[in-house]
1. Which one of these does ASP265 not meet: (1) loosely packed, with under 14 Cβ neighbours inside 10 Å; (2) more than 21 Å from GLU81 (Cβ to Cβ)?
2. Name, by its number, the condition in (1) touching a residue at least 12 places away in the same chain (Cβ under 8 Å); (2) more than 17 Å from VAL46 (Cβ to Cβ) that does not hold for THR106.
3. Small (Gly, Ala, Ser) and either part of a loop (DSSP other than H, G, I, E, B) or surrounded by 20 or more Cβ atoms within 10 Å (Cβ to Cβ) (or both): which single residue out of ALA9, ALA13, ALA36 fits that description?
4. Residues in region 170-180: is at least one among the aliphatic types (A, V, I, L, M) and farther than 26 Å from PHE211 by Cβ?
5. Within region 62-81, how many residues turn out to be outside any helix (DSSP H, G or I) and within 14 Å of GLY261 (Cβ to Cβ)?
6. Restricting attention to strands (runs of 3 or more DSSP E) lying wholly within region 151-192, give those where 2 or more residues are surrounded by 18 or more Cβ atoms within 10 Å (Cβ to Cβ).
Amino acid sequence: MTAPTRADALTAAEADAYLARIGVAAPESPTLAALASLHRAHLLAVPFENLDISLGRPIRLEHPTLVAKVVGARRGGYCYELNGLFALLLRRLGYDVDLVSARVATPTGGLTDDFDHVALVVSGGRLEERVLADVGFGEGFIEPLPLRDGFERRERGQSLGLVRRGDTWVHRERREGEDWRDRFVFTTTPHPLTDFSERNQWQQTSPESHFTRSRVASALTPTGRVTLSGNRLITTTRGRREETELGDDSAVRAALADHFGIVLD
């Protein structure tokens, strides 16, 4: 593990452009309420997507590349890109941010490898305690979670929260009438984004990676979520799910533009 970098941040001009991209003004001070507002605004404006993989375009994690793609080209990305860039914004706004390695729970009850997901532990500013932030998990939590053992909160009809198991933290969810299910586990050991480079390369090239098997784009909406999965457009509005099969690539491109603001050149 290389030494974590906490000082890297957006420039003032980059931060202004990023805030315009997600439709919010710069907060007056780095409070929890401001962080929650930024987190929600990001999820509403910037889609989780892996389209570059199906297009054969390499995903790179350098600071200028992240800004150019998500802010300049008004694209989305997956966890390394979205949380990597969000961390740079938060540091510019006065927060302390650590990038942490997370292992994602699998349907069979196992866990993926280290560095499979990157999440953010945010502190400093006017925060009274550390919180978990994550704008790069697809269908994840909407506002940051206090890093507190046993914390629970309701969001859109389900419970979610954190528990501690030894040195490991677990983000988990519970739908109405069901048991808790783990989403991912992590430690608070900080890492620079470069520590995720090898796994980033694996995600976009390995046949075992689910990102190489199907294109996806997904975004939070004020009333639910909209997702493109392969050629299926799935919309959820106040708990009601509708699915439409898109006929060809022109229909997919139209859906990307209409629902996600993505125009592929």
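The values are calculated or read from the model by the stated rules, or taken from the named source; none is laboratory data. Remember, predicted model here, so these are calculated numbers, not experimental data. Here the Cβ is made from the backbone with ideal geometry for all residues, glycine too, and neighbour counts use every protein chain on show.
1. (2)
2. Every listed condition holds for THR106 apart from (1).
3. On the way: ALA13 fails: either part of a loop (DSSP other than H, G, I, E, B) or surrounded by 20 or more Cβ atoms within 10 Å (Cβ to Cβ) (or both); ALA36 fails: either part of a loop (DSSP other than H, G, I, E, B) or surrounded by 20 or more Cβ atoms within 10 Å (Cβ to Cβ) (or both).
Going through ALA9, ALA13, ALA36 in turn, the sole match is ALA9.
4. Taking every residue of region 170-180 in turn, none turns out to be among the aliphatic types (A, V, I, L, M) and farther than 26 Å from PHE211 by Cβ.
5. Residues meeting the conditions: 5.
6. 158-165, 168-175, 181-191
Yes/no per residue for (1) outside the structural domain of PRO30 (by TED's automatic domain parsing); (2) in contact with a Cys (Cβ under 8 Å, 6 or more places away or on another chain); (3) closer than 25 Å to GLU49 by Cα:
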| position | (1), (2), (3) |
| --- | --- |
| TYR95 | no, no, no |
| ARG103 | no, no, yes |
| ASP113 | no, no, yes |
| HIS117 | no, yes, yes |
| GLY124 | no, no, no |
| GLU129 | no, no, no |
| PHE137 | no, yes, yes |
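Each row is one residue, and each column tells you yes or no for (1) in contact with a Gly (Cβ under 6 Å, 6 or more places away or on another chain); (2) touching a residue at least 40 places away in the same chain (Cβ under 8 Å); (3) within 20 Å of CYS79 (Cα to Cα); (4) not assigned by TED's automatic domain parsing to the domain that holds ARG74.
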residue: SER218; (1), (2), (3), (4): yes, yes, yes, yes
residue: SER229; (1), (2), (3), (4): no, no, yes, yes
residue: ARG232; (1), (2), (3), (4): no, no, no, yes
residue: ARG240; (1), (2), (3), (4): no, no, no, yes
residue: LEU246; (1), (2), (3), (4): no, no, no, yes
residue: VAL252; (1), (2), (3), (4): no, no, no, yes
residue: ALA255; (1), (2), (3), (4): no, no, no, yes
